[in-house]
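These notes concern the structure reproduced below.
The values are calculated or read from the model by the stated rules, or taken from the named source; none is laboratory data. Here the structure is a predicted model, which is why all the values come from computation and not from measurement. FYI the Cβ positions are ideal-geometry reconstructions off the backbone, even for glycines, and counts take in every protein chain you see. To get the accessible areas, we keep the full protein, side chains included, count just its heavy atoms, and leave off ligands, DNA and RNA. Shrake-Rupley method; radii C 1.70, N 1.55, O 1.52, S 1.80 Å.
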Amino acid sequence: MIRTLKFTACAAALLALAACGNNEGGGAPGSQKARTGIWAAGSSTVFPFATRVAETFARNGGGGSAPRVESLGTGGGIQAFCSGVGPSTPDIANASRPMKQSEFDRCVENGVTDIVEIKIGYDGIVVATARTGQSFNLELNDLYEALAKETPGADGQLGPNAAKTWNEVNKALPATRIQVYGPPPTSGTRDAFLELGMAPGAKLIPAVAAIEKQDKTRFETVAHTLREDGAWIDSGENDNAIVQTLNRTPGSLGVFGFSFLEQNMDTVKAETIDGVAPSVATIADGSYPLARSLYIYVKKAHIGVTPGLEQFVQEFMSDGSAGRGGYLQDRGLVPLVADELAAERAKASAMTSMARPN
């Protein structure tokens, strides 16, 4: 009864806010203008999937205005999502990594206390080159040794990364300049690249592995800090822009989501990591080292207030969408296995609130 009363009061407050204006397109956090359409914001990797669901939902007569989907990066989307409850905040945060404990706590501080975490499928982070370029067979430690701001010298002490070409890192790699275009700090793709590529690669370097044993915080800083001398280039939240840059910059590499690779196979190719190429099969079974899960976070207080929100989430998790052979797989999403999809669909149907992340 207490939960029901609390939700009813919240819904009433939201409806009162909605009566104060008429901005159907949404608004920046802090504005109190009304909107009638669903608003999802966040990951550039999840963006094409959420957009495809929005198109289908609108075409099939979903309630209210056509859903609005924005690509702000995972961090930017969750920040907007967690800024409060009401029409000036997104209903859904799209994320290419799990919500952090600090982000969850910020949500709670701002009154966002019931959040539904739904895993929608898998993706891989690819390291790619132009299709006409030389091939790389990268090892995880190559990523750290080429792209970390600090690496061990001959004496084992950390210092500025002096490597200029890939064959200085690994003699088996091409003698081309280290120039990698990738996502900015607000991106979940970048977070995942650091966690799945840079940190495991750093652990393969004895001098850096020794740091982890002594000071885990320092190790994380060393492993997660990318070069700032032009070897790594932040390229915004638009993964398609990185794809286009590879063809304009011979010898360069790019870091982006698997779905963008599948959409651009005619112009770019993925390089192997530890001998494994990214594919639907290797991402689903975890054998590809840079595989990850994708999520949407739903603001439960907006269910029943934002027209069509619950139905939109159901469409996202339907067999025709997120299931094997569904239209999101055509866009590059690697589907969950049947049992896992059923479990996530149950959470979506029951709107089960998540626990605080560990």
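Compute the length gained on full extension between residue 225 and residue 319: take 0.36 nm times their separation in residues and subtract their Cα-Cα distance, giving the result in nm to one decimal. It would help to have the intermediate numbers written out before the result.
Working: separation 94, 0.36 × 94 = 33.84 nm, distance 4.02 nm.
Result for the pair: 29.8 nm of gain on full extension.
Round to the nearest 10 and give me the degree value, 0 to 90, for the angle of helix 338-350's Cα axis relative to the longest principal axis of the chain.
With rounding to tens, the tilt is 40 degrees.
Under 9 Å from the Cβ of residue 336, count the other residues' Cβ atoms, weight Lys and Arg +1, Asp and Glu -1, and hand me the total.
Details: positive: 119, 324; negative: 339, 340, 344.
Residues close to residue 336 contribute a combined charge of -1.
Keeping all protein chains in the complex and leaving out DNA, RNA and ligands, what accessible area do you get for residue 203 with a 1.4 Å probe, in Å² to the nearest 10?
Spelled out: residue 203, probe radius 1.4 Å, area about 100 Å².
With a/c under 1.5 counting as rounded, go ahead and sort the range 33-122 into rounded, prolate or oblate using the C-alpha gyration tensor (a ≥ b ≥ c being the square roots of the eigenvalues; past the cut-off, prolate if a/b is larger than b/c, else oblate). Please report the intermediate quantities before stating the final value.
Working: a/c = 2.12, a/b = 1.32, b/c = 1.61.
It comes out oblate by the Cα gyration axes.
In Å², and per residue, what accessible area does the range 227-358 have when probed at 1.4 Å with the other protein chains present? The partial results should precede the final answer.
Working: 5230 Å² over 132 residues.
Computed with neighbouring chains in place, this is 40 Å² per residue.
Note down the nm distance, to one decimal, between modelled labels 7 Å out along Cα→Cβ at residue 157 and at residue 339.
Those two pseudo-labels are separated by 5.4 nm.
Between residue 285 and residue 165, what is the label-point separation in nm under the 7 Å Cα-to-beta-carbon projection?
Between residue 165 and residue 285, the label points sit 3.8 nm apart.
Between residue 248 and residue 66, what's the calculated FRET efficiency when r is the beta-carbon distance and R0 is 25 Å? Round to 0.05.
On the way: r = 34 Å, r/R0 = 1.36.
Here the calculated transfer efficiency is 0.15.
For the chain, state the average projected area of the convex hull of the C-alpha atoms over all orientations, rounded to one decimal in nm². All intermediate terms of the calculation are to be shown ahead of the outcome.
Working: hull surface 75.6 nm².
Mean projected area for the chain: 18.9 nm², to one decimal.
Using DSSP, restrict attention to beta bridges with both residues in the chain and report what percent are antiparallel, rounded to the nearest 5.
Numbers: 27 of 42 bridges.
Antiparallel bridges: around 65 percent, rounded to the nearest 5.
What's the ranking of 117-128, 173-184, 41-52 by average number of surrounding C-beta atoms within 10 Å, highest first?
On the way: 117-128: 24.5, 173-184: 19.0, 41-52: 26.6.
Peptide ranking by packing, descending: 41-52, 117-128, 173-184.
Quick one: what does P(r) look like for the range 124-291 with 10 Å bins over all Cα pairs, in whole %?
For the range 124-291, the pair-distance distribution reads 11, 41, 37, 10, 1.
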